[in-house]
Amino acid sequence: MRYPETKPPVFTLTAGPVDAYPEVLRALGTTVLYDYDPAFQAFFEDLTLKAQEALGCDLPPLILQGEPVLALEAAAASLIAKEDVVLNLASGVYGKGFGYWAARYARKVEEIEVPYDTAIDPEQVRDFLSSHPEVRIVCVCNHDTPSGTLNDIDAIGAVVAEAGALLIVDAVSSWGGMPTSPDSSQAGIYVTGPNKCLGCPPALSLVAVSEAAWAKIEANPDAPFASMLSFTDWKNAWKKTEPFPFTPSVAELNGLSAALDRYLDEGPEQVWARHALTARICREGIKAMGLELWAASEDIASPTATAVKMPTGIDAGVVLGEARARYGVSMSAGRAETLGKLIRIGHMGPTAQPGYALLAVGAMGGALKALGADVDVAAGLAAAQATWDAEIDA
Ligand SMILES: *Cc1c(COP(=O)(O)O)cnc(C)c1O
């Protein structure tokens with residue numbers, strides 16, 4: 001028996017979008033209120049404050065009405081003024097991509113780019129900033145998802161703060177799945193979204209903006225207003241007495257509310273531990289099977305996605321198709337520079353469960369074996385199980 005491509009896969013273990021939590025799916029199906037109904041305006045205010053609690057930011061965050069690429073582009077448009085020199089940090093496809101947005105608005109974009117299986121060295125950022133005091137804004141991606149690798153945004157944030165510059169963080173695929181926050185990274189703008197570790201469908205962005213970043217945005221004559229890219233339009237919309245710039249995505253906001261309740265009820269530290277354990281089990285299984293992690297060093301491997309190097313001569317796309325056809329398991333390909341070189345297993349929201357790591361190891365190993373690769377699937381599964389058991393018995 002094989003699973004046909006024309007039917008949905010049985011298990012979506014991708015690096016985003018991910019399966020939504022059942023609570024979220026139920027909430028998506030609840031009443032769609034009129035946005036100016038007082039009950040909805042009060043709901044939106046409560047929701048924003050709940051998101052603030054979850055994010056741990058000083059000011060109520062923005063909830064923008066599009067998936068996080070909207071917020072990332074809007075961050076560049078809002079914060080970066082014509083006279084600004086920006087330093088973009090690129091250790092992967094998303095980090096690199098932010099530089100193209102920055103270039104639309106800045107006088108000049110400098111860049112530190114490192115190989116996409118490594119991370120940015122905060123000391124290199126410090127040296128760069130001390131020799132380039134004209135840099136006002138630094139941009140970094142926390143978890144560059146197409147590589148499954150992490151940048152230490154807290155250490156980078158400390159260096160950026162010391163230099164008196166503002167930091168823009170893309171934490172879309174890390175926040176909610178590991179200890180990372182606007183506060184610990186001292187971010188001016190910290191962008192995330194409900195569609196990765198919070199287990200919602202793609203539709204909204206969450207953005208924490210610091211006092212200093214708001215002051216810079218308000219001083220930027222070119223910051224968008226009356227625009228989908230505007231931060232300013234939404235600044236006060238969270239208050240139940242203030243108007244919305246346009247109709248918010250009511251159903252998706254219901255979903256976000258359920259996801260935040262779930263996150264806060266389970267407890268962020270429990271949630272992060274679940275993501276970390278799932279990723280560790282997965283990595284142990286992958287290595288024991290005879291495969292290599294994409295990350296040059298395991299300490300930068302993300303707890304929210306595991307990127308696995310494909311053996312030479314093996315086409316990653318064919319492996320993905322085989323895993324889906326044999327086991328009904330959908331995983332992610334690489335993107336741009338990493339496309340064809342690796343396969344990514346997501347551990348995000350509802351799929352950050354140890355059992356899914358075993359399933360992913362079995363599906364990837366079984367598919368590779370069926371395609372003639374030299375992998376020891378039994379050793380991989382045994383190592384994954386042993387890692388899980390050791391944690392249970394600890
Ligand atoms: C998912 C993701 C985004 C949102 O972008 P899409 O390409 O539209 O999914 C942005 N940044 C990172 C790091 C992401 O993982």
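The values are calculated or read from the model by the stated rules, or taken from the named source; none is laboratory data. Model, not experiment: these values are computed from the prediction. We place every Cβ from the backbone using ideal geometry, glycine too, and count neighbours over all the protein chains shown. Areas reflect the complete protein model, heavy atoms only, side chains present, ligands, DNA and RNA absent. Shrake-Rupley method; radii C 1.70, N 1.55, O 1.52, S 1.80 Å.
Conditions (1) touching a strand residue (DSSP E or B) at 6+ places or on another chain (Cβ under 7 Å); (2) outside the structural domain of Ser130 (by TED's automatic domain parsing); (3) under 26 Å from Pro17 (Cβ atoms), marked per residue:
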residue	(1), (2), (3)
Leu49	no, no, no
Leu62	yes, no, yes
Leu70	yes, no, yes
Lys82	no, no, no
Val86	yes, no, no
Tyr100	no, no, yes
Flagged pairs (Cβ under 8 angstrom, 6 or more apart or on separate chains; first in the stretch 210-231, on the phi > 0 side of the Ramachandran plot; second open to solvent by 30 Å² or more (accessible area, probe 1.4 Å)) are Ala226/Asp233; Ala226/Pro245
Residues that are open to solvent by 60 Å² or more (accessible area, probe 1.4 Å), of a type in the set (S, T, N, Q) and more than 16 Å from the ligand (Cβ to nearest atom): does the stretch 2-9 have at least one? yes
Which of the residues that make up the stretch 157-169 are part of a strand (DSSP E or B) and open to solvent by less than 20 Å² (accessible area, probe 1.4 Å)? Leu167, Ile168, Val169
Pick out the one residue from Ala75, Ala81, Ala15 that is surrounded by 17 or more Cβ atoms within 10 Å (Cβ to Cβ), within 16 Å of the ligand (Cβ to nearest atom) and in a loop (DSSP other than H, G, I, E, B). Ala15
Any idea how many residues of the stretch 77-98 are over 15 Å from the mean Cα position of the chain (by Cα) and within 17 Å of Val160 (Cα to Cα)? 9
Pairs, please: C-beta under 8 Å, at least 6 apart or cross-chain, first residue touching a residue at least 24 places away in the same chain (Cβ under 8 Å) and acidic (Asp, Glu) and in the stretch 26-50, second surrounded by 13 or more Cβ atoms within 10 Å (Cβ to Cβ) and not in a helix (DSSP H, G or I)? Asp35/Phe244; Asp35/Pro248; Glu45/Trp238; Glu45/Lys239; Glu45/Lys240
Please find, among Ser181, Ser173, the residue that is within 13 Å of the chain's Cα centre (by Cα), under 29 Å from Ala27 (Cα atoms), of a type in the set (Ser, Thr, Tyr) and within 14 Å of the ligand (Cβ to nearest atom). Ser173
Residues of the stretch 175-195 satisfying the condition of being open to solvent by less than 20 Å² (accessible area, probe 1.4 Å) and in contact (Cβ under 8 Å) with a residue 60 or more places away in the chain: Trp175, Gly176, Gly177, Pro182, Gly188, Ile189, Tyr190, Val191, Thr192, Gly193, Pro194, Asn195
Determine if the stretch 189-199 includes at least one residue that is part of a loop (DSSP other than H, G, I, E, B) and hydroxyl-bearing (Ser, Thr, Tyr). no
Among the residues of the stretch 184-199, what is the count of those that are aliphatic (A, V, I, L, M) and within 11 Å of the ligand (Cβ to nearest atom)? 1
Filtering the stretch 340-379 down to residues that are part of a loop (DSSP other than H, G, I, E, B) and under 17 Å from Ala325 (Cβ atoms) yields Leu371, Gly372, Ala373
Conditions first: (1) closer than 12 Å to Leu64 by Cβ; (2) buried (at least 19 other Cβ atoms within 10 Å of the Cβ). Ala213 passes all but one, so which condition is the exception? (1)
Among Asp117, Asp144, Asp127, which is the only one that is under 16 Å from the mean Cα position of the chain (by Cα), at negative phi and of a type in the set (Asp, Glu)? Asp144
State all residues of the stretch 114-156 that are within 16 Å of the ligand (Cβ to nearest atom), assigned to a helix (DSSP H, G or I) and in contact (Cβ under 8 Å) with a residue 40 or more places away in the chain; if no residue qualifies, say none. Ile156
Condition check for Leu253: within 16 Å of the ligand (Cβ to nearest atom), at pLDDT 95 or above, open to solvent by less than 40 Å² (accessible area, probe 1.4 Å) and under 24 Å from Glu45 (Cβ atoms): no
